[in-house]
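Values in this text are rule-based calculations from the coordinates and carry no lab data. Given the structure is predicted, the values throughout are model-derived calculations rather than measurements. Note that we place each Cβ from the backbone using ideal geometry, even for glycine, and neighbour counts take in every protein chain shown.
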Amino acid sequence: MLDLLITHASLPDGRTGMSVAVQGGKIVEVREGALDGAQTRETVDASGQLLSPPFCDPHFHMDACLSYGLPRVNQSGTLLEGIALWGELKPLLTADALIERALTYCDWAVAKGLLAIRSHVDTSDPSLLPVQALLEVKKRVAPYLDLQLVAFPQDGVLRSPGGLENLKRALDLGVDVVGGIPHFERTMSEGAASVRLLCELAAERGKLVDMHCDESDDPLSRHIETLAFEAQRLGLQGRVTGSHLTSMHSMDNYYVSKLIPLIAEAGVSVVANPLINITLQGRHDSYPKRRGLTRVPELMAAGVTVAFGHDCVMDPWYSLGSGDMLEVAHMGLHVAQMTSQQGMRQCFEAVTSHAAKVMHLHGHGLAPGCDASFVLLQARDTVDALRLRANRLMVWRKGTLLAQTPQTVAQLSVPGRAAEVRWLAQ
Ligand code: FE2
């Protein structure tokens, strides 16, 4: 007896008319057409709509989310004013308020089919209040959302007194991943030193690495080179992520022709954050203004795993957002000009399978043996899903239905035309 059977589903790889069978929280069969003689407790007819693995956000800041306007709004719109503003907010934080905002955001995420989030958490303050609060959130959301935490020394691990000790204490408390921010250290050499010591710390402790790296328009900000070199030197291939890498947008092409193969050889994955970096970068430019997104299609073509993150929602750096990873991918495909059919599918993967790979998630996917975690979208395929930032009709995790949203249908009163609009070309 099956627990759940989805019929007539379209899948992200282009297969249509598929049945997906679920038992004990796992996918047990994926087959074209009907499952003969299958007995099931519940059947859902997908009616040709897209069944996708859940969205994953590989780069977020849950300790700051939903704090927009506290204590004031970022006037210049720059990264540096955002960091200064976060510094003003930190003394005002309470664990209860932080936990409540984070739980509210997780509700939004689940309703959008976003079931795994890697959040950086600021370790700069010796109180480690954000760390303690997000560890509590991680525990509370565990039944319905995978929350992975990165020890993030926002004020610089070398630049701020006690930075390294505080980060180590966060790891001792159970934070999963080693973070860093080399471009915010005082000098280029201090930045490189921070990359080296943090990678060594991760190697010693058997942790993954995910560093904010070169989030700058300065073409000479080249800490990704050190990060890739250290990943290789310490045998951390496949365990290291470079987040942002926006300086690559402004680098000399000749240098990049050497850098991208190094990143690929070192098995370093990349997370770009299109919404935030199209907003923050290029602020010192007049015209033309640089886009400030890393070189996504070129990295993908070299075999590097590239995922997209949301980074911020309603915080000192970014005033908008709702936990919608299709909005992130939509911006990514525009800014990276990935408008071919293949490019758009890759952008969809950047917020699903690629993001899951960056996070080392197990059981993500639509194949027998994977978790029965998936999202039914009001779209026929991945391109439609991006175009419409499609409705998440039903969201399941491990076979349990977590969220539902009604179909969006407009009633039209136009003479001689259909009474309903669903925004489908045919
Ligand atoms: Fe970030």
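Here are a few things to note about the model shown:
- Gain in span if fully extended, TYR254 to GLN132, counting 0.36 nm per residue against the direct Cα distance: 39.4 nm
- A simple spin-label model places the labels of THR94 and ARG387 4.9 nm from each other, with each point 7 Å out along Cα-to-Cβ.
- Distance between segment 330-396 and segment 97-163 - C-alpha centres, whole angstrom: 24 Å
- With helices as the sole contributors, the chain gives -10000 deg cm²/dmol at 222 nm; each DSSP H run of n ≥ 4 counts as -39500 (n - 2.57), and the sum is divided by every residue.
- Rg/Rg_globular for segment 170-281, with Rg_globular taken as 2.2 N^0.38 Å and Rg from C-alpha atoms: 1.01
- Fully extended contour minus Cα-Cα distance, from LEU424 to LYS139, at 0.36 nm per residue: 98.5 nm
- Taking all Cα-Cα distances within the chain, those exceeding 36 Å account for 26%.
- Estimated dipole of the chain in Debye, rounded to 20 [Cβ of Lys and Arg +1, of Asp and Glu -1, Cα centre]: 480 debye
- With the convex hull drawn over the C-alpha atoms of segment 1-80, the volume per residue is 177 Å³.
- The gain in end-to-end length when the ARG417 to LEU401 segment is fully stretched comes to 2.1 nm, 0.36 nm per residue minus the alpha carbon separation.
- Label-to-label distance, GLU204 versus GLN337, with points set 7 angstrom from Cα along the beta-carbon direction: 4.6 nm.
- Of LYS139/LYS168; LYS138/LYS168; LYS138/LYS357; LYS207/LYS258, pairs whose Cα-Cα distance is over 24 Å: LYS207/LYS258
- Of the beta bridges in the chain, as assigned by DSSP with both residues counted there, near 40 percent are antiparallel.
- Across all directions, the average flat footprint of the convex hull enclosing the Cα atoms of segment 101-228 is 8.4 nm².
- Highest average packing first - 298-310, 86-98, 407-419, 239-251, Cβ atoms within 10 Å: 239-251, 298-310, 86-98, 407-419
- Computed label-point distance, nm, for sites GLU165 and LEU320 using a 7 Å Cα→Cβ extension: 4.4 nm
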